[in-house]
Amino acid sequence: MPKYYTPSEANNLLEIVRPMVGELMEISERIREHQPEIWSVVEKSAGNGGNPGLSKLLPDFDRLDILIHRLQDMGIEVKDLTTGLIDFLAVRDGRVIYLCWKYNEESIQFWHELDAGFAGRQLIDWE
């Protein structure tokens, strides 16, 4: 059963969610910095039983997975790890929508239709 948030409920969660998203962004950046290195390491390690370079990055992948699953368990959808974009399901006028938040924003101020994406964001004008 999906979890639906009011704007107030979602904003109250930012105290918990903001540090998680910040950490996701940091891990994502570390992984992106090593992306060319990772692919060649994965290719080489596939046939020879592993690689120390890849092993060093595994904790980042594990932590990334844990944080994403924690957010998903809260009913929050991670949309973009680079910008820290997440969506909370909500109901407005009897239809399901997203409350949209980006890491650098002070609070959740925008919503959009499920199929509209970030470009379709509109100011929240209800509670």
Per the 1/(1 + (r/R0)^6) rule, R0 = 35 Å and r from the Cβ atoms of T6 and E29, FRET efficiency to 0.05 is 0.60
How large is Rg/Rh for region 52-127, to two decimals, with Cα atoms and a Kirkwood Rh?
-> 1.10
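Readers should treat all values here as calculations from the given coordinates under stated rules, not as data from a laboratory. Note that the structure is a prediction, hence the values are computed from the model and not measured. Because the Cβ atoms are built from the backbone with ideal geometry, glycine has one as well, and the counts that use them run over all protein chains shown.
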